[in-house]
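Here is the structure we will look at, set down as structure tokens.
The values are calculated or read from the model by the stated rules, or taken from the named source; none is laboratory data. Bear in mind that the values here come from a model prediction, so they are computed numbers and not experimental data. Quick reminder, even Gly has a Cβ in these numbers, built from the backbone with ideal geometry, and neighbours come from all protein chains shown.
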Amino acid sequence: MLPSKDIDECEVLTEQLAQVASELRQLASEDSSDALAPSENTPRWRIREAVDPTQLTTFGLGVAQPLVIEPADLTSLSYLLGLLDRSRVPWRVIGAGSNLILPDTPIEAVLIRFGRSFAGYHSLPLEDDAPTLSSLFAAGTATSDLTPPAEASVVRLLVGAGAPLMGLSRRTAHAGLSGLEFAAGIPGTLGGAVKMNAGAHGHALSEIVRAAHVMDVDGTCSRLDASELAFGYRRSNIADDQLVVAAELELKRASIADIQHERTRCLEYRRSTQPLSAPSAGSVFRNPIAKPGESETQAAAALLEQVGVKGLVRGTVQYSELHSNWLVRAAPQGRAEDAHELIRMGQERVLDRFGIKLVPEIILW
């Protein structure tokens, strides 16, 4: 049971969340179809309350979350951040939720989620070093255009943070643009993937990201080039209070057949080695650095398999019998505490046997 002070604070924050939802509804229709309708300079959003965890994450652990707001465009997002700041209401950003475990208690914060209107993309002139974001948003709707100059061997794209990686990989492949083959089976969206420098099959987004556009808590946008992003293994310099709203990617012209062949290879590898049919959040731990001061990593899955966690079950969650570095939900309703316990057990066993501290790749809220 929570102490009375904590209960009082939770009740106050719950009231604040309700007030935020009420104010937003005064500015935009409660009807979700109208809430994201085109409108010049008028904030628009979709408001959802008591949202089931299976609608927020691929793992589906935890409980329903009190308030999720989907802004329609940059104007709406900027207004929302200002309102939350004035109301002193905390917020967090949630993308596809493909590497996230929600808690077993409601999060006392607004969850901000980018929807279809943040999933647009279009080509850029190579000489354009400061593209504007307005071209991505046409009155709250996403623009989608992969038509670069016919003679271009290198193509730059401006892509919204809400763009699904798998869909982007597929569409760029159809356009004969190479660079996102490795992302063919990554279920996340671009914004979160850029922040954590997501990767697979020996490649990462840092190879193709030339800049990220972020919004600060005061609603202003800035452009961070690749040197400022300072990408590392599953990390970047993007702060937790900065929201990635778009990124500039640089892809190369290539044979569509060759691109599709590589995408197929990546997808077949994932299907043969990962439990894709079960609810999960992907890789549990980052691959640890093999030796201090070096960049080469060793497989966390191999370490976990050697300490016997494969197939280990705790309540509603288990380590996959197919892949030691994956947790899967083993019941219709999963508990986050079961996942936390298995993560702790895996860390302790690997540390005791190998002296290696595994760092979660999964985000734990």
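Being outside the structural domain of LEU74 (by TED's automatic domain parsing), under 17 Å from VAL245 (Cβ atoms) and at pLDDT below 75 is the requirement here; does ALA138 meet it?
Against the criterion (outside the structural domain of LEU74 (by TED's automatic domain parsing), under 17 Å from VAL245 (Cβ atoms) and at pLDDT below 75), ALA138 qualifies.
Which residue pairs have Cβ atoms under 6 Å apart, sit 6 or more places apart or on different chains, and have a first residue in the range 192-210 that is in contact (Cβ under 8 Å) with a residue 40 or more places away in the chain and over 25 Å from ARG92 (Cα atoms) and a second that is buried (at least 21 other Cβ atoms within 10 Å of the Cβ) and of a type in the set (D, E, K, R)?
Hits for this filter: ARG210/GLU248.
Condition check: closer than 23 Å to GLY62 by Cα, among the charged types (D, E, K, R) and without any contact (Cβ under 8 Å) to a residue 40 or more places away in the chain. Does ARG344 satisfy that?
yes
In the range 201-229, what residues are in contact with a strand residue (DSSP E or B) (Cβ under 9 Å, 6 or more places away or on another chain) and among the small types (Gly, Ala, Ser)?
Those that are in contact with a strand residue (DSSP E or B) (Cβ under 9 Å, 6 or more places away or on another chain) and among the small types (Gly, Ala, Ser): SER206, ALA211, ALA212, SER222, ALA226.
Return yes when SER22 is small (Gly, Ala, Ser), at pLDDT 70 or above and not in a loop (DSSP other than H, G, I, E, B) and no when it is not.
Judged against the criteria, SER22 is a match.
Among what's in the range 169-198 and is polar (S, T, N, Q) and in contact with a strand residue (DSSP E or B) (Cβ under 9 Å, 6 or more places away or on another chain), pick the residue that is surrounded by the most Cβ atoms within 10 Å (Cβ to Cβ).
THR189
Among SER272, SER255, SER222, SER280, which is of a type outside the set (Phe, Trp, Tyr) and touching a Leu at 6+ places or on another chain (Cβ under 8 Å)?
SER280
Of all residues being in contact with a strand residue (DSSP E or B) (Cβ under 7 Å, 6 or more places away or on another chain) and among the aromatic types (Phe, Trp, Tyr) in the range 49-107, which is farthest from PHE137 (Cα to Cα)? Just the residue, please.
Ranking the qualifying residues of the range 49-107, first place goes to PHE59.
In the range 266-358, which strands (runs of 3 or more DSSP E) lie fully inside it and hold 2 or more residues that are surrounded by 14 or more Cβ atoms within 10 Å (Cβ to Cβ) and not small (Gly, Ala, Ser)?
Fully inside the range 266-358 and qualifying: 317-319, 326-329.
Taking the conditions exactly as written (in contact with an Asp or Glu (Cβ under 7 Å, 6 or more places away or on another chain) and within 25 Å of ARG270 (Cα to Cα)), does GLY346 satisfy them or not?
No: the conditions fail for GLY346.
Test of understanding: among GLY219, GLY192, which residue is under 19 Å from SER98 (Cβ atoms) and either not in a loop (DSSP other than H, G, I, E, B) or not assigned by TED's automatic domain parsing to the domain that holds LEU74 (or both)?
GLY192
Please determine, by comparing only the residues of the range 233-265 that are assigned to a strand (DSSP E or B) and within 15 Å of the chain's Cα centre (by Cα), which one is surrounded by the most Cβ atoms within 10 Å (Cβ to Cβ).
ALA246
Do you know which of the residues in the range 145-176 that are of a type in the set (D, E, K, R) and at pLDDT below 90 is nearest to MET215 (Cα to Cα)?
Step by step, filter the range 145-176, then rank; the result is ASP145.
Name the single residue, out of those in the range 51-77 being of a type in the set (S, T, N, Q) and buried (at least 21 other Cβ atoms within 10 Å of the Cβ), that is modelled with the lowest pLDDT.
SER76
All but one of (1) farther than 27 Å from SER320 by Cα; (2) crowded, with 18+ Cβ neighbours inside 10 Å; (3) not polar (S, T, N, Q); (4) not assigned by TED's automatic domain parsing to the domain that holds ALA163 hold for LEU100; which doesn't?
So LEU100 meets the others, but not (1).
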